[in-house]
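Heads up, the thing below is written out as structure tokens.
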Amino acid sequence: MTYQVILVEDDPTMLDDMIATLKNSTEFNLEATFKNVQDAVGQSSVFQPNLFLVNVDNPETLNNIPIFVDIFPDAKILGLVSNWNADIAMNVIATGALGCILKPFTKQDILDAIHLYTERGKPGLSRIISFFSPKGRAGRTTAAALMAQVIAEESDERVALIDADLQFGDLPIFFDIEPKQTIVEATQDIKLLNPLNLKPYFYRLSHHLYLLSSPDRPEYAELVDVDSLADVVRLTCNLFRYVLIDLPAGFNPVSVAMSQLSDTVVIMAMINNGFEIQHMKKALEVSKSMEVSGDKRIYPVFTRVNPCTEEERLKIEEKLGYHVSDILPNEYRMISLANSGRLGKSLPKDSLLMKNLRKIAEGIITGER
Amino acid sequence: MAEERSSIIISIFSTTPGIGKTVTAINLSAGLAKEGYKVCLVDLDLQFGDVLNYLKLSSKQSIATAQRAMQIDADSFEVKDFLITYEHEDLTFAVMPPPFYLYDAYQANVARIENIVKQLTYFDFVVLDLNSAFSALNLAMLDISTIINFIGVIDFLPALKNFKIGYDTLIRFNYEESKIRLVENRADSQKLIESHDVERLIGETFYHRLPNDFPAAIKSINQGLPLMFCAPDSKLTKSFWELTGKYTNRKLQTDTQLQGVQTAGIGFFSRILAFLFGKR
Ligand SMILES: Nc1ncnc2c1ncn2[C@@H]1O[C@H](COP(=O)(O)OP(=O)(O)OP(=O)(O)O)[C@@H](O)[C@H]1O
Ligand SMILES: Nc1ncnc2c1ncn2[C@@H]1O[C@H](COP(=O)(O)OP(=O)(O)OP(=O)(O)O)[C@@H](O)[C@H]1O
Ligand SMILES: [Mg+2]
Ligand SMILES: [Mg+2]
């Protein structure tokens, strides 16, 4: 396939370089070049471009990307940046563009970026969903892992699981893998990372599902800088449409920062002796003042609810004094499945646990949640 | 700064949450009190402590109000003003409540809490109910503990991994092996991992095994009573009594007079921690 390209770049020298790069190519056919975005917006419609390369170092150009998206809904749009910057990259994705590449670039860089960003899924911002719980043993890891699998299957888009339970992350063992790279390396290398070299830090669990593992030893958690972790998550959004984060229990710098970064926080508690409802209430009350909630979507979820009925949900809701978005049943096969490292693969699709999780996942995919 | 006399500090620690630390802390405290010792149970699960919940207690004072009082006027600070008493029949022990507000818990100052705990020397035993992380607070508490009661329910692979990693980490942090007591909770429940396999993996034997009795445990929590009152015949109750006896050398002593109280050593490994964690 040949890309019909429109190039928007205000730096004349840079523009000349790019024209030289794209010339005499079977893959690219340069339709037009523009030095400013107004001209591009005004004149592009006489061409039939299917690829826009636009300099997003210039904020005005960035702000006009939605217009290209509007006029050419099927065209691909790449932002061109001089330096890698996670914030700009997020803004670019938010406009509906595919993502960013660094200037100067080669033809192969463009093809690689298109490939990578297309695999990510539909254009648009990623969903970042954190799994929080006031106390531990709340079913966070189970819910995050199963939900990630369901979203990957049903959306046919890329899903990242990030194990940010830094001291005692269980996701590698849930999936029976021994990762070579962990969150420690990813955060330490963050200054050198961009979307094109981030992927090797992830372990591919299935077709669309990837895992960034927790550190191998509890004390390595101290090596993970929270701000760098936030940058890793933002970078991850360039490759994955859905980013699910398993948090440590309770309020701590990691869980608070990750919740703040998320658009959705699932707050989990496992029914045991009744006091977990009180703890949930306390967590919900405080999450407001800690700016964890903001304008986010907060879903209080109780698991191991028996019987798992609407009546029971209402009972919990009444005790809690807050809306209970979902309840999950006691699934007795859970322990042996987690033991086998074959989580999810062997849990029947029609089991109530999977059904209820699928409901949440589908809501997230459609955007209703 | 060795004091003439100090308490035996027993910390109840785990690296998997929700496995019975608080139940153990309460029943151990009750057992020690039953033997006639002066006991203080400190709830150091600062954000979501359960000791007051499980004992049906309420309190205006807490370790947070204690912290504030100490900050304002260290000289007139008296730790006993911030303790409450649990009483049932002839049994009594003191409780240091956790902060009421999450915000206070989040802001807790490790050095000040350490200072508060160190002022509990007039008790024979101080039992610390911790949470399940290698936090600065927990490490400081493990440092000053005489005994670390490292407890786990090893029912599935992640729990086994976290028990082993937790133990290995304690050893790497240079806690003396003799100070760490491995306790398996719900040891006889139906599970896929055998106790002796766990011991083989850890390279250490369990100091004590607590049996599974969910109805008794739940009854105790719901009634706000230690097991000895609400489930006197449960094998779990008996097992807690045995564990208490191990910590008091009940068999070796004819009366319940406490002799030769150990000092709570402050390990040299604080320096290693400072190296590893920098910001302690
Ligand atoms: N719906 C369920 N039914 C039955 N058992 C469950 C269910 N969800 C989770 N479990 C079991 O409960 C235990 C804790 O679950 P999980 O590890 O997901 O919780 P967590 O909140 O991540 O715990 P931690 O705080 O230790 O990280 C595991 O043994 C898991 O298999
Ligand atoms: N030996 C036992 N047999 C049966 N159930 C038990 C046993 N010990 C504890 N439990 C149950 O396990 C649950 C958790 O106990 P507990 O609250 O003491 O754990 P924890 O380690 O303090 O948890 P957290 O980490 O959340 O503070 C309780 O509801 C209790 O009923
Ligand atoms: Mg977990
Ligand atoms: Mg507890």
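The residues of segment A:120-152 that are charged (D, E, K, R), at pLDDT 95 or above and more than 16 Å from ligand 2 (Cβ to nearest atom), listed by number, are A:ARG120, A:ARG127. If you take the residues in segment B:114-131 that are within 14 Å of chain A (Cβ to nearest Cβ) and in a loop (DSSP other than H, G, I, E, B), which one is most open to solvent (accessible area, probe 1.4 Å)? Among residues in segment B:114-131 that are within 14 Å of chain A (Cβ to nearest Cβ) and in a loop (DSSP other than H, G, I, E, B), the one most open to solvent (accessible area, probe 1.4 Å) is B:ASN131. Scanning segment B:228-275 for residues that are surrounded by 14 or more Cβ atoms within 10 Å (Cβ to Cβ), at pLDDT 50 or above and part of a loop (DSSP other than H, G, I, E, B) yields B:ALA231, B:SER234, B:ARG250. When segment B:10-28 is limited to residues that are among the hydrophobic types (A, V, I, L, M, F, W, C) and part of a helix (DSSP H, G or I), the one that is surrounded by the fewest Cβ atoms within 10 Å (Cβ to Cβ) turns out to be B:LEU28. Among the residues making up segment B:184-200, those that are away from ligand 1 (no atom under 12 Å from the Cβ) and either surrounded by fewer than 20 Cβ atoms within 10 Å (Cβ to Cβ) or among the acidic types (Asp, Glu) (or both) are B:GLU184, B:ALA187, B:ASP188, B:SER189, B:GLN190, B:GLU194, B:SER195, B:HIS196, B:ASP197, B:GLU199, B:ARG200. Among the residues of segment A:137-151, the one identified as within 16 Å of ligand 4 (Cβ to nearest atom) and surrounded by fewer than 24 Cβ atoms within 10 Å (Cβ to Cβ) is A:ARG137. Scan segment B:132-165 for residues that are more than 9 Å from every other protein chain (Cβ to nearest Cβ) and hydroxyl-bearing (Ser, Thr, Tyr) and the total you get is 2.
Taking the conditions exactly as written (assigned to a helix (DSSP H, G or I) and open to solvent by less than 80 Å² (accessible area, probe 1.4 Å)), does B:ALA159 satisfy them or not? Yes: the conditions hold for B:ALA159. Of note, A:LYS180 satisfies the criterion of being assigned to a loop (DSSP other than H, G, I, E, B), away from chain B (no Cβ under 14 Å) and either at pLDDT below 95 or within 16 Å of ligand 3 (Cβ to nearest atom) (or both). Yes or no: A:ALA148 within 14 Å of chain B (Cβ to nearest Cβ), within 16 Å of ligand 1 (Cβ to nearest atom) and in contact (Cβ under 8 Å) with a residue 60 or more places away in the chain? The answer is no for A:ALA148. Pairs meeting the criteria (first residue in segment A:156-174 and away from every other protein chain (no Cβ under 13 Å), second residue of a type in the set (Asp, Glu), beta carbons under 8 Å, at least 6 apart or on different chains) are A:ARG158/A:GLU119; A:LEU161/A:ASP246; A:ILE162/A:ASP246; A:ALA164/A:ASP246. Taking the criterion of being closer than 22 Å to A:ALA257 by Cα, out of contact with any Ser or Thr (no Cβ under 7 Å at 6 or more places or on another chain) and outside the structural domain of A:ASN83 (by TED's automatic domain parsing), would at least one residue in segment A:172-183 satisfy it? No, every residue in segment A:172-183 fails to be closer than 22 Å to A:ALA257 by Cα, out of contact with any Ser or Thr (no Cβ under 7 Å at 6 or more places or on another chain) and outside the structural domain of A:ASN83 (by TED's automatic domain parsing). Do we have any residue at all in segment B:33-45 that's of a type in the set (Val, Ile, Thr), away from ligand 3 (no atom under 16 Å from the Cβ) and within 11 Å of another protein chain (Cβ to nearest Cβ)? Scanning segment B:33-45, I find no residue that is of a type in the set (Val, Ile, Thr), away from ligand 3 (no atom under 16 Å from the Cβ) and within 11 Å of another protein chain (Cβ to nearest Cβ), so the answer is no.
Going by the structure shown, is B:THR22 within 14 Å of chain A (Cβ to nearest Cβ), polar (S, T, N, Q) and either within 12 Å of ligand 4 (Cβ to nearest atom) or under 16 Å from B:GLU114 (Cβ atoms) (or both)? Yes: the conditions hold for B:THR22.
The values are calculated or read from the model by the stated rules, or taken from the named source; none is laboratory data. All values derive from a computational prediction rather than experimental measurement. Here Cβ is always computed from backbone atoms with ideal geometry, including for glycine, and neighbour counts include all displayed protein chains. Remember, those area values only see protein heavy atoms, side chains included, never the ligands or the DNA or RNA. Shrake-Rupley method; radii C 1.70, N 1.55, O 1.52, S 1.80 Å.
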